[in-house]
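The values are calculated or read from the model by the stated rules, or taken from the named source; none is laboratory data. Because the structure is predicted, anything quoted here is derived from the model rather than measured. As a convention, Cβ positions derive from the backbone with ideal geometry for all residues, glycine included, and neighbour counts pool all protein chains shown.
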Amino acid sequence: MEHGAFGDQSNATFSLTEEDHTLANAVRFTLNQDPRVTFCGYSIPHPSDARVNIRVQTTGDPAREVLKDACQDLMLMCQHVRSTFDKAVADFKTSERGQAMNIDSEE
Amino acid sequence: MAEKNEKKQVNEGKGKFSSLDLPDLPKGLPPQLEFQRTRVLCNLDAPIHTDTVMYGGAYASMGVDNSVQLDYFRQKFRVEVVRLTKDDMEFDLIGIDPSIANAFRRILIAELPTMAIEKVLIANNTSVIQDEVLAHRLGLIPIMVDPRLFEYISENDTNNEKNTIVYKLHVRCERGAPRLTVKTNELKWLPNGSELLLDSKNSDSNPTSKPRTYTSFSCSQASLPKFANNPINPMPDITIARLGPGQEIELEAHAVKGMGKTHAKWSPVATAWYRMLPEVVLLEDVEDEDAEKLVNTCPVKVFDIEDIGNGKKKATVARPRACTLCRECLRIGEEWEKRVSLRRIKDHFIFTIESTGALPPEVLFTEAVKILEDKCERVITELS
Ligand code: SF4
């Protein structure tokens, strides 16, 4: 991973190898949610090159920290998704035993 | 000030569940903007408002914060399991952005590892299926073993008991016998590794104890506690080939760990997909013949008829979830576009996972989420 733009810390391009839309699009979403971000976007320079460039421009905070926070946010979201999902599956497994197939009627 | 109005307008269609009913929505967006933000409207020609408003400050001028704070996400996010079987699962993810739901889907298809046959050593093949086609068919057979118990093999690694599964296939159709269908049940697991000798020029299979073979297992996989009582089998009852009288296949197949982005044979899902929850709303009362027409038009029976007394009948939306968005109901006639409104809820995903058999679908999803977490962690550590 490299880090472009050295003079001004608040604007930077991050080049992630071995990543694609999967991570970049999700991170772009969390970055956009951050009020410190004025612009962010990503591009894949060439489809046969496993690399994605993420551009982050901020209102003044170091772009590196903002990107780190975005990843942190995404990770916490994932953890929440996972625990919620596991709980829903566990509930489903126990509930189903009792009442055969009447699940979609619960609202 | 427009709040009450907004609720009324957007809920005019009284869908069963609407995420607009949630009390914790950001307050104060005018109803038409709120509608654009949360719904895709499917007109006869094309759907509109298909994009999501990502930018947190998009509505700042109206004093509305569009950013999804983590706490807010935690309150709102829900999972509802609809169907769960051994190899197939349907569940709803409610209150999540498409970019994240899509990340899960992409990981399920392309980045979750499984075991699949990668090398086939063919000793004899007199069947009508060419070697390379046969090898390709073998590669696509799901191997029913937890891939987490194995390691990846890299270019210079030797095949050992931690990264390779070896199968033997030796079938022949005797002369005078009827045609023989070779199923995956004929694949015999070799827990001790390859039986083909490395040095022999003519690759006859002569089972020996010491000489070097194509694998170097230090112990039998069957002696490892994790496989002691459950042999590693391929998915049964898949046809590999058909043999005519006198034809024979003898080969050895080596399965290794890999990912769907290298080749689809390693994908742990037959497929994984999602669709947004349809919302079908009748904008005006549809009665009598019109109601009959509507009910009979919909191929998946989204609508029902309700008696409202005095011999009058009224159409109701009974099963919006079944709507396929074929838009037949809008094609009945010109005025129908004003009667029926077809929408999709942007943050409600009906997610379906079909497993190929290596892991149950609920485990696949949890693993996929873990992989996204690992990706984030990798970026964080590299930036620190
Ligand atoms: S779009 Fe098709 S499936 Fe949906 S309600 Fe109309 S006719 Fe039925």
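So the values come out like this:
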{"quantity": "Hey, B:Val295 in contact with a strand residue (DSSP E or B) (Cβ under 7 Å, 6 or more places away or on another chain), near the ligand (Cβ under 10 Å from one of its atoms) and among the aliphatic types (A, V, I, L, M) or not", "calculated": "yes"}
{"quantity": "Residue satisfying condition, being assigned to a helix (DSSP H, G or I), within 23 Å of the chain's Cα centre (by Cα) and more than 28 Å from B:Glu250 (Cβ to Cβ), within set B:Leu108, B:Leu93, B:Leu138", "calculated": "B:Leu108"}
{"quantity": "Per-region count, segment B:334-344, residues more than 14 Å from the ligand (Cβ to nearest atom) and either without any contact (Cβ under 8 Å) to a residue 24 or more places away in the chain or among the β-branched types (Val, Ile, Thr) (or both)", "calculated": "2"}
{"quantity": "Every residue from segment B:228-266 that is more than 29 Å from B:Glu155 (Cα to Cα) and not aliphatic (A, V, I, L, M)", "calculated": "B:Asn229, B:Asn230, B:Pro236, B:Asp237, B:Thr239, B:Arg242, B:Gly244, B:Pro245, B:Gly246, B:Gln247, B:Glu248"}
{"quantity": "Single condition B:Val281 does not satisfy, out of (1) closer than 30 Å to B:Arg106 by Cα; (2) within 16 Å of the ligand (Cβ to nearest atom); (3) away from chain A (no Cβ under 14 Å)", "calculated": "(1)"}
{"quantity": "Yes/no for B:Met62 being surrounded by fewer than 17 Cβ atoms within 10 Å (Cβ to Cβ) and modelled with pLDDT under 85", "calculated": "yes"}
{"quantity": "Some residue of segment B:334-355 being assigned to a loop (DSSP other than H, G, I, E, B) and among the hydrophobic types (A, V, I, L, M, F, W, C)", "calculated": "no"}
{"quantity": "Search result, residues across segment B:83-99 that are touching a residue at least 60 places away in the same chain (Cβ under 8 Å) and within 22 Å of B:Arg37 (Cβ to Cβ)", "calculated": "B:Asp92, B:Leu93, B:Ile94, B:Gly95, B:Ile96, B:Asp97, B:Pro98"}
{"quantity": "Subset of segment B:249-302 [outside any strand (DSSP E or B) and among the charged types (D, E, K, R)]", "calculated": "B:Lys261, B:Lys265, B:Glu284, B:Asp285, B:Asp288, B:Glu289, B:Asp290, B:Glu292, B:Lys293, B:Lys301"}
{"quantity": "Hits in segment B:94-110 - residues which are in contact with a helix residue (DSSP H, G or I) (Cβ under 6 Å, 6 or more places away or on another chain), of a type outside the set (Lys, Arg) and facing chain A (nearest Cβ under 9 Å)", "calculated": "B:Asp97, B:Ser99, B:Ile100, B:Ala103, B:Phe104, B:Ile107"}
{"quantity": "Single residue of segment B:356-370 satisfying the filter (part of a helix (DSSP H, G or I) and buried (at least 21 other Cβ atoms within 10 Å of the Cβ)) that is farthest from the other protein chains (Cβ to nearest Cβ)", "calculated": "B:Leu364"}
{"quantity": "Top-ranked residue in segment B:3-36 [being modelled with pLDDT of 55 or more and within 14 Å of chain A (Cβ to nearest Cβ); ranked as farthest from the ligand (Cβ to nearest atom)]", "calculated": "B:Leu22"}
{"quantity": "Candidates B:Val53, B:Val64, B:Val79 - the one that is among the aliphatic types (A, V, I, L, M) and in a strand (DSSP E or B)", "calculated": "B:Val79"}
{"quantity": "Condition met for B:Asp307 (of a type in the set (Asp, Glu), within 14 Å of another protein chain (Cβ to nearest Cβ) and more than 10 Å from the ligand (Cβ to nearest atom))", "calculated": "no"}
{"quantity": "Residue satisfying all of: in segment B:310-333; in contact with a helix residue (DSSP H, G or I) (Cβ under 8 Å, 6 or more places away or on another chain) and outside any helix (DSSP H, G or I); farthest from the ligand (Cβ to nearest atom) among these", "calculated": "B:Lys312"}
{"quantity": "Test for B:Val81: is it more than 26 Å from B:Phe365 (Cβ to Cβ) and within 14 Å of chain A (Cβ to nearest Cβ)", "calculated": "no"}
{"quantity": "Given (1) farther than 17 Å from B:Cys323 by Cα; (2) within 16 Å of the ligand (Cβ to nearest atom); (3) modelled with pLDDT of 90 or more, index of the condition B:Val286 fails", "calculated": "(3)"}
{"quantity": "The listed residue being surrounded by fewer than 20 Cβ atoms within 10 Å (Cβ to Cβ), away from chain A (no Cβ under 12 Å) and not in a helix (DSSP H, G or I), out of B:Ala123, B:Ala116", "calculated": "B:Ala123"}
{"quantity": "Selection from segment B:296-343 of residues that are among the β-branched types (Val, Ile, Thr) and either within 23 Å of B:Met276 (Cα to Cα) or within 35 Å of the chain's Cα centre (by Cα) (or both)", "calculated": "B:Thr297, B:Val300, B:Val302, B:Thr316, B:Val317, B:Thr324, B:Ile332, B:Val340"}
